[in-house]
1. For GLU11 and GLU137 in one chain, what is 0.36 nm times their gap in residues minus the Cα-Cα distance, to one decimal in nm?
2. With the cut-off at 28 Å, tell me which of the pairs LYS10/LYS120; LYS84/LYS178; LYS120/LYS154 have Cα atoms farther apart than that.
3. Can you tell me the accessible area per residue over the stretch 30-185, all protein chains present, probe 1.4 angstrom, in square angstrom?
4. Once both axes come from the Cα atoms, what is the angle between helix 150-183 and the longest principal axis of the chain, in degrees from 0 to 90, rounded to 10?
5. Return one number: the angle in degrees, 0 to 90 and rounded to the nearest 10, between the long axis of the Cα atoms of helix 107-145 and the longest principal axis of the Cα atoms of the chain.
6. What angle do you read, to the nearest 10 degrees and between 0 and 90, between the alpha-carbon axis of helix 75-84 and the longest principal axis of the chain?
7. Identify which of the listed values of Kirkwood radius over Cα pairs in Å was calculated from the structure shown: (i) 19.3; (ii) 16.4; (iii) 17.5.
8. So how much slack lies between GLU108 and ASP71, counting 0.36 nm per residue of separation and subtracting their Cα-Cα distance, in nm?
Amino acid sequence: MPKELLDETKERMNKTINVLKSELSSLRAGRANAQVLDRILVDYYGSMTPITQLGNISVPEPRMLIISLWDTKMIGAVEKAIQKSDLGINPANDGKVIRLVFPELTEERRKDLVKTVKKKGEESKVAIRSIRRDVMETIKKQKKDGDITEDDQKQLETKLQKQTDDFIKEIDAILAAKEKEILSV
């Protein structure tokens with residue numbers, strides 16, 4: 001039982017890390033990255049579909065994305081969806097493909113992005129600590145119910161704390177790497 005509890009906790013904490021990574025990957029850091037389009041949905045014949053599923057996306061230059069749609073009738077709808085999004089980029093099309101040119105990030109915009117990264121990191125740390133708190137309560141309940149001994153309780157709490165500390169360190173490393181990426185010109 002205690003081993004399964006720690007494994008389950010590790011799995012939940014890993015999911016938190018994966019969510020953080022996916023959120024950070026959608027932040028643009030001065031380089032064109034197709035993942036910024038993952039959240040933008042287009043009305044494709046009645047169903048909301050991510051742009052990434054409507055065509056091929058290529059990165060011919062570090063600051064440019066080209067979207068080649070399979071159904072060229074959708075160019076107008078895709079352009080509108082990009083303009084409505086929080087990307088802050090005006091798409092250009094030639095009737096066949098849509099070009100997105102990412103401007104250089106200003107120093108102020110970089111600092112704003114770093115603040116956003118730190119905020120998302122803090123949210124992830126809070127989620128990790130919340131998972132720890134839930135598991136601690138479970139451990140205390142098991143001790144109270146007589147399912148585990150006091151020694152087992154102490155040992156589980158120590159392992160849980162170490163696991164939590166490791167995940168917090170991993171979050172810090174992910175945040176440091178993203179900050180470095182954003183601040184590098």
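The values are calculated or read from the model by the stated rules, or taken from the named source; none is laboratory data. Since the model is a prediction, treat every value here as computed from it, not as a measurement. Every residue, glycine among them, receives a Cβ derived from its backbone with ideal geometry; neighbour counts consider all protein chains shown. With ligands, DNA and RNA removed, areas are computed over all heavy atoms of the protein, side chains included. Shrake-Rupley method; radii C 1.70, N 1.55, O 1.52, S 1.80 Å.
1. Length gained between GLU11 and GLU137: 43.6 nm.
2. LYS120/LYS154
3. Using a 1.4 Å probe on heavy atoms only, each residue of the stretch 30-185 averages 60 Å².
4. Orientation of helix 150-183: about 20 degrees from the principal axis.
5. 30
6. Taking the Cα atoms of the chain, the angle to 75-84 is about 50 degrees.
7. (i)
8. Between GLU108 and ASP71, full extension yields 9.5 nm more.
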